[in-house]
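In what follows, a single structure is set out as structure tokens and then discussed.
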Amino acid sequence: MSRHRPVRKSSARRAAKPSEAVADSIAVLLDEWRRERPDLDPSPFAIFGRIWRLSANLSNEIAGWLAPLGLNFESFSVIVTLRRSGPPYELNPTALYRESLISSGAITNRIDRVEALGLVKRFPDPKDRRGTIVRLTPRGRALADKAIELHFQRLADCLSGMKPADQAGLAALLANLLQSVEVREKSPAVRQKT
């Protein structure tokens, strides 16, 4: 007896009416879950699924525009975090981790990599004999300035299909969501569940 896998209909299977916008890939998933599990409410996935999909797509694009500068996202994050910290463009590794968009476990390796590229230099921390300070070199500062300019320009290009008012509204909604998630992260009840 041969087993046939059901043929998955493409995401284009629903013809949009002229007045209807074409569904994105997450809308298709939501429709499928509503059909397959009508007892569940997939509406939170309407938000988080889109955030995850956007993150994955943008991660690939960001890697593409940083590569010609000799950077990956982690090295980029280290140097631009130091750059926006202001003169003298230095932080200890803990502050660097907290202020950047990279994980704590990876910070030492990231610092090692950008130091090997000549973009940062480590110094003893005058406030902690066991600690170090990571300082952006002049070369690192120049590259951070070039990289962040390109980054902001390309991110703006990604948003060019949205009206400025819609961008501002979305930014406010996402800030509200992020704050809510960050508060939950710090909640003892949430930490006990994990």
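The values are calculated or read from the model by the stated rules, or taken from the named source; none is laboratory data. In this text, all values refer to a predicted model and were calculated from it rather than measured experimentally. Every residue, glycine as well, gets a Cβ built from its backbone with ideal geometry; the counts of neighbours run over all protein chains shown. Quick note on the areas: whole protein, heavy atoms, side chains included, nothing else; ligands and nucleic acids left out. Shrake-Rupley method; radii C 1.70, N 1.55, O 1.52, S 1.80 Å.
Tabulated data for the structure shown
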{"read-out": "Leading residue by the ranking (most open to solvent (accessible area, probe 1.4 Å)) among those in the range 26-64 that are under 20 Å from the mean Cα position of the chain (by Cα) and over 22 Å from residue 154 (Cβ atoms)", "value": "47"}
{"read-out": "Some residue of the range 157-167 being in contact (Cβ under 8 Å) with a residue 40 or more places away in the chain, within 25 Å of residue 69 (Cα to Cα) and either among the small types (Gly, Ala, Ser) or out of contact with any helix residue (DSSP H, G or I) (no Cβ under 6 Å at 6 or more places or on another chain) (or both)", "value": "yes"}
{"read-out": "Condition check for residue 118: loosely packed, with under 14 Cβ neighbours inside 10 Å and in contact with a helix residue (DSSP H, G or I) (Cβ under 8 Å, 6 or more places away or on another chain)", "value": "yes"}
{"read-out": "Residues that are hydrophobic (A, V, I, L, M, F, W, C) and either under 13 Å from residue 77 (Cα atoms) or in contact (Cβ under 8 Å) with a residue 12 or more places away in the chain (or both), drawn from the range 142-151", "value": "143, 144, 147, 148, 150"}
{"read-out": "Qualifying residue in the range 118-136 (condition: among the hydrophobic types (A, V, I, L, M, F, W, C), free of Cβ contacts under 8 Å to residues at least 24 places away in the same chain and closer than 18 Å to residue 83 by Cα)", "value": "no"}
{"read-out": "Hits in the range 104-149 (condition: at pLDDT 95 or above, among the basic types (Lys, Arg) and part of a helix (DSSP H, G or I))", "value": "139, 141, 146"}
{"read-out": "Test: residue in the range 126-144 that is over 25 Å from residue 94 (Cα atoms) and either open to solvent by less than 70 Å² (accessible area, probe 1.4 Å) or over 23 Å from the mean Cα position of the chain (by Cα) (or both)", "value": "no"}
{"read-out": "Answer residue from the range 68-103, given it is buried (at least 18 other Cβ atoms within 10 Å of the Cβ) and farther than 22 Å from residue 145 by Cβ and is modelled with the highest pLDDT among those", "value": "93"}
